[in-house]
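Colleague: Below is one structure. I have some questions about it.
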Amino acid sequence: MRPLAAHYDRVQEYPWEIKKELCDAGLMGIWVPEEFGGAGAGVLNLCIVVEELSRACGGVGVLYAVNALGSFPILVAGTDEQKQRFLPSVTSGEKLIAFGLSERDAGSDAGGMTTTAREDGDAYVIDGAKKWTTNGGAADLYTVFAVTDPNSRSRRLSALIVEKGDPGFEFGRVEDKMGIRCVPVVELNFDGCRVPKDRLLGGRPGMGFKHAMMTLDRARPGVAAQAVGLAQGALDYALAYTTRRKQFGQTLTGFQMIQQMLADMATKVEAARQLVYASARMIDAGARDITSGAAKAKLFATNVAMEVTTNAVQLFGGYGYMRDYPVEKFMRDAKITQIYEGTNQIQTLVIARNLIKKASQLDHLAEYMPLPDHENTLANRAEAKPTA
Ligand code: CAA
């Protein structure tokens, strides 16, 4: 991948030859259980693969990881029949899968989407548009979220599988991006797109929002792993460069300021990696509460990626700013990890909400820290007031 990364970044085309290598190596869909054609390797191994790919090219990292994002709704919510029908072609690499949640006016507020899926006889008819679907156009299968009950607050959405070629389903604008340029990010347009009812995930409408959130809980460590790989890849290049580049008669690593930067970068990359692995292990262990761990991993690792890749450019100096050198691509690729699959502001909100929700478990600490009694405090103050 390393010799090809700059080329695909420049031409902004899907690297089918790399995807073929991933298939030949048996890496597609390894996170899927064996009974549905996968390797049953779980989220931790998914993360390790994404990290290693991203170490060479962040675009290839997401090109691979986004298949997990697209397939998790089937794993989380699909019936056995749906899992048998759709997953083996994903794990063999015959089909790529993508995820359609965001819309032009519904990014962070995913529940505010307006794409509808209306029941009509033996089918659902989808109308609307999705925005920023990674792998769009390249993928054959799309997990699409749509409003099935506009009058409900908590049971408003459902997820359906849409296939490339379904009548009324077209690809719209292909985005021209800052980074991850080898993987397409496109709009999906639905105009009276009719899909049979057996493509409704789980066979029961109304659970879409919950299933989207459960999917993101499982997929966010993958973005975090992409960030770790990008940070590690940039650090690798920075180390290779600073141990060779000479200024003032010595290599850059002879200067303590440079040593400090490298040590700080390496420490943060390792901390991020361990947080990602911990969150992935929790998911694989079937822990009940995985939301916060996934959000923390994504928040921390993606911020580390941005900082470390920016510092790598700094260490390369003027050369780092030029396209002839690989590090500026790492910095461009890293930026999106702070944005997609939930901005880092949303991750912060998720972490804070979960933290506060669990605060009642700390009620026993109250006896050690009685809150100030406002009335008494005022009274005490009055009592203590010196008289003239
Ligand atoms: N697991 C299960 N259920 C969950 C859940 C979770 N992690 N989080 C929330 N829910 C449930 C709640 O319990 C609640 O259920 P009830 O109605 O039964 O009480 C319901 O979902 C609504 O929850 P909230 O009130 O918390 O929902 P909200 O509207 O306040 O939104 C949010 C919460 C965290 C902000 C959420 O909207 C969110 O994560 N937004 C970001 C969306 C996102 O990540 N988009 C990226 C799309 S993918 C992408 O980037 C494209 C790509 O191709 C890579």
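Colleague: Scan segment 91-135 residue by residue and report those that are closer than 27 Å to residue 18 by Cα, away from the ligand (no atom under 16 Å from the Cβ) and surrounded by fewer than 22 Cβ atoms within 10 Å (Cβ to Cβ).
Modeller: 92, 93, 94, 95
Colleague: Turning to a different aspect of this structure: If a residue must be over 30 Å from residue 282 (Cβ atoms) and open to solvent by 60 Å² or more (accessible area, probe 1.4 Å), how many such residues does segment 12-44 contain?
Modeller: Of the residues in that region, 6 qualify.
Colleague: Exactly one of these conditions fails for residue 173: (1) part of a strand (DSSP E or B); (2) open to solvent by 30 Å² or more (accessible area, probe 1.4 Å); (3) within 12 Å of the ligand (Cβ to nearest atom). Give me its number.
Modeller: Every condition holds for residue 173 apart from (3).
Colleague: Would you please name the residue that is farthest from the ligand (Cβ to nearest atom), looking only at residues in segment 295-331 that are open to solvent by 30 Å² or more (accessible area, probe 1.4 Å) and of a type in the set (Lys, Arg)?
Modeller: Filtering first and then ranking leaves 323.
Colleague: I'm trying to understand the selection: among the residues of segment 338-374, which are in a helix (DSSP H, G or I), of a type in the set (S, T, N, Q) and open to solvent by less than 40 Å² (accessible area, probe 1.4 Å)?
Modeller: Scanning segment 338-374 gives 344, 347, 354.
Colleague: If you take the residues in segment 176-217 that are basic (Lys, Arg) and more than 10 Å from the ligand (Cβ to nearest atom), which one is most open to solvent (accessible area, probe 1.4 Å)?
Modeller: This residue is 204.
Colleague: Next question. So which helices (runs of 4 or more DSSP H) are wholly in segment 12-125 and hold at least 2 residues that are over 17 Å from the mean Cα position of the chain (by Cα) and of a type in the set (Lys, Arg)?
Modeller: The helices (runs of 4 or more DSSP H) meeting that bar are 16-24, 80-91.
Colleague: Would you check if residue 138 is near the ligand (Cβ under 10 Å from one of its atoms) and under 22 Å from the mean Cα position of the chain (by Cα)?
Modeller: Here the answer is no, as residue 138 does not meet what is asked.
Colleague: Still on this structure: Of everything in segment 341-352, what is near the ligand (Cβ under 10 Å from one of its atoms) and touching a helix residue (DSSP H, G or I) at 6+ places or on another chain (Cβ under 9 Å)? Give them in sequence order.
Modeller: Those that are near the ligand (Cβ under 10 Å from one of its atoms) and touching a helix residue (DSSP H, G or I) at 6+ places or on another chain (Cβ under 9 Å): 341, 342, 346, 347, 349, 350.
Colleague: If the requirement is being over 25 Å from the mean Cα position of the chain (by Cα) and either at pLDDT below 85 or within 24 Å of residue 272 (Cα to Cα) (or both), which of these qualifies: 378, 349?
Modeller: From the options 378, 349, the qualifying one is 378.
Colleague: Given the conditions (1) open to solvent by 40 Å² or more (accessible area, probe 1.4 Å); (2) within 27 Å of residue 177 (Cβ to Cβ), report the number of the one that residue 246 does not fulfil.
Modeller: Result: residue 246 passes all but (2).
Yes or no, residue by residue, for (1) touching a helix residue (DSSP H, G or I) at 6+ places or on another chain (Cβ under 9 Å); (2) closer than 14 Å to residue 103 by Cα; (3) among the acidic types (Asp, Glu):
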| residue | (1), (2), (3) |
| --- | --- |
| 119 | yes, no, yes |
| 127 | no, yes, yes |
| 140 | yes, no, yes |
| 148 | yes, no, no |
| 151 | no, no, no |
| 170 | no, no, yes |
| 187 | no, yes, yes |
| 203 | yes, no, no |
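Colleague: Step by step: first the residues of segment 220-243, then only those that are open to solvent by 10 Å² or more (accessible area, probe 1.4 Å) and in a helix (DSSP H, G or I), then the one that is nearest to residue 341 (Cα to Cα). Which residue is that?
Modeller: Filtering segment 220-243 for residues that are open to solvent by 10 Å² or more (accessible area, probe 1.4 Å) and in a helix (DSSP H, G or I), the one nearest to residue 341 (Cα to Cα) comes out as 220.
The values are calculated or read from the model by the stated rules, or taken from the named source; none is laboratory data. None of the values given here were measured: they were computed from a predicted structure. Please note: Cβ atoms are built from the backbone with ideal geometry, for glycine as well, and neighbour counts cover all protein chains shown. We work out accessible area using only protein heavy atoms, side chains counted, and drop any ligands, DNA or RNA first. Shrake-Rupley method; radii C 1.70, N 1.55, O 1.52, S 1.80 Å.
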